[in-house]
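Heads up: the structure comes next, in structure tokens.
The values are calculated or read from the model by the stated rules, or taken from the named source; none is laboratory data. From a predicted model like this one, the values you see are computed outputs, not experimental measurements. Quick reminder, even Gly has a Cβ in these numbers, built from the backbone with ideal geometry, and neighbours come from all protein chains shown.
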């Protein structure tokens, strides 16, 4: 989950870099303005993607903590031995 989100973030960063390069090379102000608007949309998307990554990482940390707590509880368990019955036999 985190890896796919990080890949999507990297793709968005690459798109922003490409558009920034195009904006510098734009022939008219209208073209540059349109490209800047696209960049603005992608930057918002980039922020959302970062938030998703942080959320996924937080979920992973919570699950890890829960697993550690379960393990600690299992380690703290005490075992009692009670004799329930006795079997005696003889070989003839």
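In the range 16-37, the residues that are without any contact (Cβ under 8 Å) to a residue 24 or more places away in the chain never reach a residue that is exposed (fewer than 10 other Cβ atoms within 10 Å of the Cβ) and in a helix (DSSP H, G or I) with C-beta atoms less than 7 angstrom apart, at least six apart or across chains. Quick one: is residue 25 surrounded by 12 or more Cβ atoms within 10 Å (Cβ to Cβ) and either modelled with pLDDT of 95 or more or more than 12 Å from the chain's Cα centre (by Cα) (or both)? So residue 25 fails the test.
Restricting 48, 70 to residues that are out of contact with any helix residue (DSSP H, G or I) (no Cβ under 8 Å at 6 or more places or on another chain), over 19 Å from residue 10 (Cβ atoms), at pLDDT 90 or above and assigned to a helix (DSSP H, G or I) narrows the list to 70.
Tell me, please, whether a residue that is without any contact (Cβ under 8 Å) to a residue 60 or more places away in the chain and in a helix (DSSP H, G or I) can be found in the range 76-91. Looking for residues that are without any contact (Cβ under 8 Å) to a residue 60 or more places away in the chain and in a helix (DSSP H, G or I), one finds at least one in the range 76-91, hence yes.
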